[in-house]
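Undergrad: Below you'll find the structure I mean.
The values are calculated or read from the model by the stated rules, or taken from the named source; none is laboratory data. Just so you know, these numbers come straight off a predicted model, no measurement behind them. Cβ atoms come from the backbone with ideal geometry, glycine included; neighbour counts cover every protein chain shown. Please note that ligands, DNA and RNA were not included when accessible areas were found on the heavy atoms of the full protein model with its side chains. Shrake-Rupley method; radii C 1.70, N 1.55, O 1.52, S 1.80 Å.
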Amino acid sequence: MASGEVSHANVSAEVAARSAAELPLGTVITNSGRISAARYPGDAPTTPPFSKRDLIALDDTLKAASEKALVRFSIYVGDLDGDLDASARAILAKAPEPAHGTLIAVSPNTRDVVIVSGREVSSRVNDRVAALGVTAAVTGFRQGNLIDGLIASLRVMATAAAAG
């Protein structure tokens, strides 16, 4: 999961509440609340097969969108099980500051996109804003470019949430 950086007064309290024992070996929570993980040489990557340039562009967009809208945007790319909304909410709950967050969850195998928001931002990142985000993402997805679709979605949603 990728996550943008947003400063809120309760960041340190939420980060402190997380137990280091909950994290996998080689994983830490940075001062900004971002989860950073390392892998051993020779281990298969656990991240999607995107280029370094794509990942940097996505990270930059996550940070800019989060700062613009004061919403902690996160991205999840992977399988969503059963009830898509419940699955996405469970993933959002694991993100830093879930009450102030919005998750864009993409399940490439089933071609599902789900956007869920935490209680503190749900009035600004509502169904209308989520629909705008999905519409913006679909163009990139149809062209086979997941990163471009996610970046477009983040930009549109951040603009709409900042205005709302």
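Undergrad: For the pair residue 57 and residue 109, what calculated FRET efficiency results from E = 1/(1 + (r/R0)^6), where r is the Cβ-Cβ distance and R0 = 22 Å, to the nearest 0.05?
TA: Values: r = 24 Å, r/R0 = 1.08.
The computed FRET efficiency comes out at 0.40.
Undergrad: So how do 128-138, 75-85 stack up, highest first, on mean other-Cβ count within 10 Å?
TA: Numbers: 128-138: 18.3, 75-85: 15.1.
Order by mean packing, descending: 128-138, 75-85.
Undergrad: Right, next: Placing one identical point scatterer on every Cα of the stretch 88-164 and ignoring solvent, what is log10 I(q)/I(0) from the Debye formula at q = 0.16, 0.21, 0.23, 0.25 Å⁻¹?
TA: Treating every Cα as an identical point scatterer, log10 I(q)/I(0) equals -0.54, -0.91, -1.05, -1.18.
Undergrad: Grab the Cα-Cα distance for residue 119 and residue 138, subtract it from 0.36 nm times how many residues apart they are, and report the gain in nm with one decimal.
TA: 4.2 nm
Undergrad: Moving on to the next point. If packing is taken as the average count of other Cβ atoms within 10 Å, what order do 113-121, 90-98, 65-73, 53-61 fall into, highest mean first? Write down the numbers at each step before the final one.
TA: Details: 113-121: 20.9, 90-98: 19.2, 65-73: 23.6, 53-61: 15.3.
Ranked from most to least packed, the peptides come out as 65-73, 113-121, 90-98, 53-61.
Undergrad: Order the following by accessible area, largest value first: 123, 107. Probe radius 1.4 Å; ligands, DNA and RNA are ignored. Each step should come with its number before you reach the end.
TA: Details: 123 95, 107 0 Å².
Listed by decreasing accessible area, they come as 123, 107.
Undergrad: Accessible area, 1.4 Å probe, largest first: how do 27, 102 sort? Write out the running numbers ahead of the final one.
TA: Details: 27 25, 102 0 Å².
Correct descending sequence by accessible area is 27, 102.
Undergrad: What is the sum of charges around residue 87, taking Lys and Arg as +1, Asp and Glu as -1, for the other residues whose C-beta is under 12 Å from the C-beta of residue 87?
TA: Summing Lys/Arg as +1 and Asp/Glu as -1 gives -3.
Undergrad: Let me ask something else about it. Using a Förster radius of 30 Å, what is the FRET efficiency between residue 85 and residue 163 based on their Cβ-Cβ separation? Nearest 0.05, please. Present the calculation step by step, with values, prior to reporting the outcome.
TA: Working: r = 25 Å, r/R0 = 0.84.
Rounded to the nearest 0.05, the efficiency is 0.75.
Undergrad: Could you give the spread of the C-alpha atoms of the stretch 44-116 along their three principal axes, from largest to smallest, in whole angstroms?
TA: 32, 32, 20
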